[in-house]
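Everything on this sheet refers to the single structure shown next.
The values are calculated or read from the model by the stated rules, or taken from the named source; none is laboratory data. Note that the structure is a prediction, hence the values are computed from the model and not measured. FYI the Cβ positions are ideal-geometry reconstructions off the backbone, even for glycines, and counts take in every protein chain you see. These area figures cover heavy atoms from the full protein model, side chains too; ligands, DNA and RNA do not enter into them. Shrake-Rupley method; radii C 1.70, N 1.55, O 1.52, S 1.80 Å.
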Amino acid sequence: MVNCYNMTSTSQPIRPTSSAELQKQIRENYVGSRRPIHIRGGGTGASAGYLQDDPSAIVLTTTGLSRVIDYPKDDMTITIEAGLTIAELTGTLVRHRQQLPIDVPVPEQATIGGVVAANISGSRRFGYGTMRDYLIGIIAVDVQGQQFSAGGRVVKNVAGYDLCKLMIGSLGTLAVISQVTLKLKPVSESTGILWATFETLDDIDVVLETLLLSSARPVALDVLNARAAQTIVTGAELKQLPTEQPVLAITVDGLSAEVDWQLESLRKELAVFMPTVCLPIVNDDQRQKLQSAITQFSQQQSAVLALKANLPPSATLDWMAYADEEGLALLSHAGNGIVKGRFPVEPTEYSRAIEILGRLRAKARQYRGNVVVDTCPHTWRQKLPMFGDPEPSWSLMRKIKQQLDPDDLLNRGMFNEFRLPALRNSDGVTS
Amino acid sequence: MVSAEKQRELIRRFRAIVGEDGILTQPEDLAVYECDGYVIEKKTPDVVLFPTERDQIVAIVQACRELEVPYIPRGAGTSLAGGCLPVGGGVVIALTRMRKILEVNLRNRYAIVEPGCVNVHLTQHLAGSGFHYAPDPSSQGACTLGGNVATNSGGPHTLKYGVTVNHVLGLEVVLPNGSVVELGGVAEDAPGYDLTGLFVGSEGTFGICTKVMVRLTRDPAACRTMLGVFENVQDATHCISGIISAGIVPAALEMMDQGIVEALEAAFQFGFPLDAGAVLLIEVDGLEAAVDSEAQHIIEICNARGAREMRWAETAAERQLLWKCRKQAFGAIGRLSSSFCTQDGVVPRTKLPEILNFISECEKRHQLRIVNVFHAGDGNIHPILLFDERDETQIQHVLAASHEILQKCLDLGGSVTGEHGIGVEKLDFMPRLFSETDLAIMSDIRKVFNPDGLCSPNKMLPTAGACGMEEIPRDHPGRRAAL
């Protein structure tokens, strides 16, 4: 994971340990020197977008805000401070057989505030949704140091504008999240994965279409090209799993009998399409290692250039087949049209990266999709269009940013393209 | 109220946009649009328009903007908080003629509909496809998808499947500046802020939605529908807490008290036990391999928590009748009272016994009759206060009791609305729910979309969102009519 903050600021991070302290520090900056503020949780979203180089910037880390405020477990909600790590949250919840079913890479490091701000999600988004389905209340501090809230602590609530939704994925550009309330789910009794390989990605596309009306109800539909499969299997230390061909990995969960029934039903449904191999993975240890390796895929340290495509689900495999030819390792959450791609080894040169990115974006555009750059060398960030082609709605986003942070102090430059959407050449590159 | 001269100009321009067939101007016609399901406050609009396509809406918005006339979009008018009340008069833009289902794409699990599409029509259209649209408000036979978007509607099955916002992928919107913008879309995770999520539930104050792209949900393979019969409300509410705290999330978990059961039995002759203090309507769904086990677990909890009797819906027809009873409960209230006011509070699920006790005390204190039918699994209560609107004293008691109940919801850590919205009814509660800073930020956000405040003025936020809005008068209460 590239840590941009150390590269862009020379000052020592500030680390408030209470909401009052957080407000005070931000307010003092606002009434005083109005230095840009780089907000940092666990660093999991740090590479997204472009944080403007500014040695005078204040780095504000939320890891000192890590308390569980309220956990009424019988209501299946929890209110926690933004700096609590996902691992700590999971540890608290699992004691009561509850969970936040969002797959987060590096859970020991990732904070809940960061996960909200970067809208992190993984395989199980197909069955369980994303942060927008779980965040029911939020407290944040605006650029002037004023605390504000939205939503509440009950699972159903439509009072006021849903600023929770606005904060999800806002990458710290609108306010500093200090506290969140989450809706929770019970932990499933059992989980299983079916690992099926096919000759081509096209073959899997046909299977996916059939699975729409499957008798099972998968919670994850992941497709891996061979490069990604190798990385993931190596990470999971499950060398017995074949990786020479594209893989369809289907996850099901529920009661033990339900999981067994689904795996068997899926095996029969897939048999019609003659997979090269079709292996159920039900051993808890192996299954957890595999799920973890899939979740970690997009966070590999070695990736020089990592991308995320968002597409209509029906276009996912076609786009993957195209990107596969460019040499990327690719993992898709195919039921949702999300593809995570990275160049596994080659430290790509900027000119070549631009070329490939242009082609991949053009292909995604055919399907009304987009490609976002997740990770790239810091020096590329000023010139590389991180978020793809401008959309008409970006003008509204720009106005919201201006309304809430008129001096552009919070994570300045993160959504640079929203402020400068017009200056493009025909390759989609900012001029 | 606009001046006579301005109204003439408005009508001339609107006739050119929507034609003679698409405009109402006569007082007897306009009276239909003076309120929604919240009948305590009323205001007659100056004009009602029925556009049939997006570009007409653009032209209407531009005309309103040029003539500085307030306007408000309206679906079926089933809102229960005055969300459709044309505060200060002006133009009602009724979207009920834009009701087409434009596209169904099962491969990508979405449908695109016009805003006036009735919720249940989409469900019926999808029957047999293996997919459905999950949010199912009780008013789904009448309410529109555009209205659902405006209020972020819920419904019984949102306990497991989520409310409207969890099922909206994208929107086409006419902004108050007359421009058209697409928010979100079929490709999930578009970069930038989630404006779709922000727009849903904005109660018509950000613009007019002209297309809704909704996520379709796979039909459950099996379901089991049960009726738990309890001697009293307290046992039933303790049972609800027991089910949720056992980590079970049923597809639906609804409670009806004796008053509602009486009205339903009179209307539908289902065979409800008339001597029961409360019944729970519980549904679990999922795979055949799991539903019986989950249902059995629930039955054990119900029995342990004092259920007098557990019944099953033996056939699909019986299940449908049960749901018909539940969803038409508000209609059946007519058998109990000429007028009623439905409240929409939320409490943490474990606080249901407390709030039900409080409602009972309120009933006695204000000498009112209050019956209850609600989404128990979500902690979303709907006390229904019965009254005779010819009696001003009763109205005052209804208003006072409503406020006390909602305040108690706040005291218990809940909210004043779970699915009906703030509308005009609950504006006074916003400063109790939110700080000045919260409200100022919400107002800032509204200014981005609706800077001149002409689109759905005096809704959602208690203070004016723009200059001049304070001066728009509101009838309180206006002319009242029987339901």
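A few remarks follow.
- Residues of type lysines that residue A:73 reaches as a straight line, Cα spacing below 26 Å, ignoring anything fewer than 8 places off in the same chain: A:156, A:165, A:183, A:185, B:160, B:351, B:408
- Placing +1 on the Cβ of every Lys and Arg and -1 on the Cβ of every Asp and Glu, with nothing else charged, gives the protein assembly as shown a dipole about its Cα centre of roughly 1240 debye.
- When its C-alpha radius of gyration is set against 2.2 N^0.38 Å (N residues), the range A:300-388 gives a value of 0.99.
- When A and B come together, around 6400 square angstrom of accessible surface is lost from both chains combined, probe 1.4 Å.
- Folded to 0 to 90 degrees: helix B:436-449 orientation relative to chain B principal axis, Cα: 50
- By accessible area with a 1.4 Å probe, ligands and nucleic acids excluded, highest first: order of A:379, A:130: A:379, A:130
- 20 Å Cα-Cα reach of residue B:42 towards lysines, excluding residues that sit fewer than 8 places from it in its own chain: B:426, B:459
- Reduced Cα scattering model of the protein assembly as shown, Debye log10 I(q)/I(0), q = 0.07 Å⁻¹: -0.55
- For the range B:79-117 versus the range B:242-306, the gap between their alpha-carbon centres in whole angstrom: 33
- Within the straight-line cut-off of under 19 Å between alpha carbons, the lysines reachable from residue A:383 are A:308, sequence neighbours fewer than 8 places apart in one chain being disregarded.
- Using C-alpha pairs below 8 Å separated by at least 6 residues, the relative contact order for chain A is 17 percent.
- In Å, descending, principal axis extents of the Cα set of chain B: 68, 57, 43
- Amide proton proximity set for residue A:136, modelled H, under 5 Å, gap of 5+: A:181, A:182, A:183
- Take A:280-288, B:280-288 and order them by the average number of nearby Cβ atoms within 10 Å per residue, most first; the result is B:280-288, A:280-288.
- Surface share of carbon and sulfur [accessible, 1.4 angstrom probe, percent] for the range B:192-323: 47
- Folded to 0 to 90 degrees: helix B:4-18 orientation relative to chain B principal axis, Cα: 70
- Exercise: per-residue mean of other protein chain Cβ atoms within 10 Å, A:312-322: 3
- Think of chain A as a dipole: +1 on every Lys or Arg Cβ, -1 on every Asp or Glu Cβ, centred on the Cα centre; then among A:182, A:31, A:353, A:31 lies furthest on the positive end.
- When the other protein chains are added to the chain by itself, burial of at least 40 square angstrom of heavy-atom accessible area (probe 1.4 Å, ligands and nucleic acids ignored) affects these residues of the range A:147-161: A:148, A:149, A:154, A:155, A:156, A:158, A:159, A:160, A:161.
- Helix A:226-236 and the longest principal axis of the Cα set of chain A meet at an angle near 80°.
- Computed log₁₀ I(q)/I(0) - Debye formula, equal Cα scatterers, no solvent, chain A, q 0.11 Å⁻¹: -0.86
- The range B:1-78-the range A:63-119 distance, computed between alpha-carbon centres (Å): 49
- For chain B: relative contact order, % (alpha-carbon pairs under 8 angstrom, 6 or more apart): 17
- Taking amide H positions as modeled 1.01 Å from N, with prolines and chain starts lacking one, no residue 5 or more places away or on another chain lies under 5 Å from residue B:189.
- Sorting A:175-183, B:175-183, A:242-250 by their mean Cβ neighbour count within 10 Å, with the most densely packed peptide first, gives A:175-183, A:242-250, B:175-183.
- Partner shielding of A:165-171 amounts to 5, given as the average count of beta-carbon atoms from other chains within 10 Å of each residue beta-carbon.
- Hull shadow area, averaged, the range B:222-411 [alpha-carbon convex hull, nm²]: 10.0
- Cα convex hull volume per residue for the range A:190-297 (Å³): 84
- Coarse-grained scattering of the range B:164-312 at q = 0.10, 0.11, 0.13 Å⁻¹, given as base-10 log I(q)/I(0) from a Debye sum over alpha-carbon atoms: -0.56, -0.64, -0.76
- Per-peptide packing, taken as the mean over residues of other Cβ atoms within 10 Å, places B:290-298, B:144-152, B:162-170 in the sequence B:144-152, B:162-170, B:290-298 from highest down.
- Exercise: per-residue mean of other protein chain Cβ atoms within 10 Å, A:68-74: 3
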